[in-house]
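Beneath this line is the structure, given in structure tokens, with notes to follow.
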Amino acid sequence: MLSTCESAPAFDGVATTMTDPAELNRLTALASSEGEALAALDGCVARLHQVQAARSALAGLDASSLRAALTARREALGEDPQ
């Protein structure tokens, strides 16, 4: 009986054999870190949303308020006000 499911080869149709234990450990650790990578990505996306919201809020400020906020930030960072 023929199978209707195709197998997905590891590397462009080439099956490989790996015997280096250190490389096997590295690959399995990396493969199992997907959840951690997704959590980090989720955190980055949330931070980007915060950045966009902050930019939107700053864009709504009048010129003198924005200038004062930028001056205060420069002073807090120890930069020379220009």
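Residues of region 23-82 that are part of a loop (DSSP other than H, G, I, E, B) and charged (D, E, K, R): D62, E79, D80.
Here is the figure for region 1-31: residues that are at pLDDT 70 or above and open to solvent by 90 Å² or more (accessible area, probe 1.4 Å) total 5.
The values are calculated or read from the model by the stated rules, or taken from the named source; none is laboratory data. Please read these numbers as outputs of a predicted model, since none were measured by experiment. Ligands, DNA and RNA are stripped out before the accessible areas are found, and what is left, the full protein with its side chains, is counted by its heavy atoms. Shrake-Rupley method; radii C 1.70, N 1.55, O 1.52, S 1.80 Å.
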